[in-house]
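First, the structure itself, so that you have it in front of you.
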Amino acid sequence: MELIQDVQVLQQRMLDERAAGKTISFVPTMGFLHQGHLSLLEEGRRRGDVLVLSIFVNPTQFGPNEDFDNYPRALQRDMDLAQTTGVDIIFAPDASAMYPAGSATLVHVSGLTENLCGASRPGHFDGVTTVVNKLFNLVQPHVALFGMKDFQQLAVIRKMVVDLNMPIEIVGMPIVREKDGLAMSSRNTYLSDDLRRQGLSLITAIRTLCRSALAGERNTARLIEQAREIISAQPSAQIDYIQICHDLTLQDMEMVDEHAVVLLAVRFGATRLIDNHYLLQQPA
Ligand code: PAF
């Protein structure tokens with residue numbers, strides 16, 4: 001496994017791999033790897049001859065009062081974990097390499113980015129699509145893998161790839177959960193035991209809503225109210241949003257059908273957790 005930190009070195013190496021006819025799989029991350037990331041890497045390993053992992057805590061996707069400075073970073077630990085999944089190249093640039101002075105280009109996907117996290121984190125998705133675009137230009141993957149926990153991010157990236165004619169297959173991988181149902185996230189490390197216990201109300205709400213929907217409840221306002229009751233019973237919960245949206249358009253729905261996904265973002269203390277599930281699929 002090779003660690004590359006220089007942008008030009010990576011780009012040349014990837015040009016060489018392509019010229020040699022290799023299929024390139026890519027998993028972009030911000031590091032502090034957990035089982036969810038490892039599932040992406042394992043699938044990436046199956047799909048490509050060369051598996052590239054990027055680790056870059058991207059400053060442009062964090063708002064001024066968000067956790068960029070505190071975001072957990074542990075490169076050596078991540079390298080040890082990556083090695084167990086057969087990663088060939090880790091790309092871990094620093095911010096000045098990715099955004100040299102004078103960088104002035106942003107990639108903006110409209111339509112899918114105004115609702116949900118886009119409403120509470122203005123500019124977040126421009127930061128994501130810009131850095132993912134840059135990473136794609138450097139790595140030149142045939143296939144790139146993303147987790148479905150960031151449901152909106154995945155939809156936005158799929159749209160960008162179609163709109164900009166990028167010859168890249170985007171693969172969405174299922175959410176990986178802790179034994180108790182908490183969706184894995186690098187940010188879970190911020191939670192005290194008490195907040196972590198309160199955070200389980202997200203999966204409790206998801207399971208309750210899926211059960212209701214599968215039993216025949218189709219009215220999204222009533223379902224959202226059920227989730228709101230469960231989550232707001234937790235003393236530290238501050239609900240950012242609980243919405244039921246169409247999986248492709250991310251627009252709010254009034255009645256549940258097979259496209260309906262419940263998406264939640266809730267703060268517990270300083271930690272914002274997100275989760276989602278298709279309402280007419282058996283709950284996790
Ligand atoms: O999902 C993430 O970890 C990030 O948003 C990504 C896709 C690596 C872009 O910085």
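The values are calculated or read from the model by the stated rules, or taken from the named source; none is laboratory data. Computed from a predicted structure; not experimentally measured. Every residue, glycine as well, gets a Cβ built from its backbone with ideal geometry; the counts of neighbours run over all protein chains shown. Heads up: the accessible areas ignore ligands, DNA and RNA and are worked out on the full protein's heavy atoms, side chains in. Shrake-Rupley method; radii C 1.70, N 1.55, O 1.52, S 1.80 Å.
Between Leu273 and residues 5 or more places away or on another chain, which pairs have amide H atoms under 5 Å apart, with H built 1.01 Å from N, and which residues are they?
Residues meeting the criterion, in which the H sits 1.01 Å from N, are Val266, Arg267, Phe268.
With a point put 7 Å past each Cα toward its Cβ, work out how far Asp67 is from Ala95 in nm, to one decimal.
For Asp67 paired with Ala95, the spin-label model returns 1.7 nm.
Then there's this: With label points built 7 Å along Cα→Cβ from the Cα atoms of Gln238 and Arg77, find their separation and express it in nm.
For Gln238 paired with Arg77, the spin-label model returns 2.6 nm.
Whenever you get a sec, line up Asp80, Asp67 from highest to lowest accessible area (probe 1.4 Å, protein heavy atoms). All intermediate terms of the calculation are to be shown ahead of the outcome.
On the way: Asp80 85, Asp67 30 Å².
Most to least solvent-accessible, the answer reads Asp80, Asp67.
Can you give the longest run of the chain that contains no GluC sites (Glu not before Pro) sitting in a DSSP loop with at most 11 other Cβ atoms inside 10 Å? Intermediate results must be reported in sequence, preceding the final value.
Working: sites that count: Glu254, Glu258.
With a cap of 11 other Cβ atoms within 10 Å, the longest stretch comes to 1-253.
Once you sort the root eigenvalues of the Cα gyration tensor of region 80-137 as a ≥ b ≥ c, which label holds: rounded (a/c under 1.5), prolate (a/b larger than b/c) or oblate (the other case)? Walk me through the numbers before you get to the answer.
Details: a/c = 2.71, a/b = 1.54, b/c = 1.76.
Since a/c reaches 1.5 but b/c is at least a/b, the shape of region 80-137 is classed as oblate.
What number, in percent, do you get for the relative contact order of the chain if the mean sequence gap of Cα pairs under 8 Å and at least 6 apart is divided by its residue count? Provide the component values of the computation, followed by the final result.
Values: 499 pairs, mean separation 49.0, N = 284.
So the answer I get is 17 percent.
Can you give the convex hull volume of the alpha carbon atoms of the chain per residue, in Å³?
Numbers: hull volume 36.7 nm³, N = 284.
Convex hull volume per residue, Cα atoms: 129 Å³.
Something else now. Expected output is a single nm value to one decimal: the length gained when fully extending between Leu214 and Arg46, i.e. 0.36 nm times separation in residues minus the C-alpha distance. What is it?
Using 0.36 nm per residue and subtracting the Cα-Cα distance, I get 57.0 nm.
Among DSSP bridges having both ends in the chain, what percentage is antiparallel? Round to the nearest 5. Show your work: numbers first, answer last.
Numbers: 20 of 39 bridges.
The antiparallel proportion sits near 50 percent.
Kindly flag which residue pairs out of Lys134/Lys159; Lys159/Lys179; Lys22/Lys149 have an alpha-carbon separation exceeding 27 Å in this structure.
Numbers: Lys134/Lys159 16 Å; Lys159/Lys179 33 Å; Lys22/Lys149 30 Å.
Violating the 27 Å limit, Cα to Cα: Lys159/Lys179; Lys22/Lys149.
Please work out the FRET efficiency for the pair Val171 and Ser120, using the Cβ-Cβ distance as r and a Förster radius of 30 Å; give the result to the nearest 0.05.
Working: r = 27 Å, r/R0 = 0.90.
Efficiency, rounded to the nearest 0.05: 0.65.
Another question, if that's okay. Taking only Cα atoms, what is the 0 to 90° angle, nearest 10, from helix 151-163's long axis to the longest principal axis of the chain?
50
Given R₀ = 25 Å, FRET efficiency for Gln282-Arg228 by Cβ-Cβ distance, to 0.05? Write down the numbers at each step before the final one.
On the way: r = 23 Å, r/R0 = 0.91.
With a Förster radius of 25 Å, E is 0.65.
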